[in-house]
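What follows is one structure encoded as structure tokens, with my remarks underneath.
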């Protein structure tokens with residue numbers, strides 16, 4: 001456990017510092033992974049909503065051009081919703097493709 005992840009859990013959960021300190025390393029790592037997962041799902045669906053709005057606007061603007069096109073959400077949002085069982089290397093590739101900074105190696109290695 002390091003200060004960075006403890007503060008992160010304090011912000012994202014209703015746990016207190018004392019409750020976090022009582023967690024075993026396995027519980028702590030599992031909780032941290034779940035919070036990361038939940039946050040990524042929430043972010044994906046937020047981005048999905050914005051992509052849907054962009055697709056609608058782009059389609060509406062395109063109606064008044066010579067070559068209208070029906071835009072889809074996938075034109076603005078690449079990838080799929082996060083799943084729990086993604087292989088680690090696929091996750092790293094996806095993060096680098098979208099310029100997302102993954103947690104430090106120290107945090108990732110604690111769960112293994």
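Coordinate-derived values only; no laboratory data. Everything numeric in this text was worked out from a predicted model, so none of it was measured. Using ideal geometry, Cβ is built from the backbone for each residue, glycine included, and neighbour counts are taken over all protein chains shown.
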Subject >> Helix 3-12 axis, angle to the chain major axis (alpha carbon atoms, nearest 10°) >> reply: 60
Original post:
Based on the Cβ-Cβ distance of residue 59 and residue 84, what FRET efficiency does E = 1/(1 + (r/R0)^6) give at R0 = 41 Å, to the nearest 0.05?
Top reply: 0.75
Original post:
Given only helices, namely DSSP H runs of n ≥ 4 each adding -39500 (n - 2.57), what is the per-residue ellipticity at 222 nm of the chain, to the nearest 500 deg cm²/dmol?
Top reply: -20000 deg cm²/dmol
Original post:
For the peptides 73-79, 14-20, what is the packing order when you average, over each peptide's residues, the other Cβ atoms within 10 Å and list the highest mean first?
Top reply: 73-79, 14-20
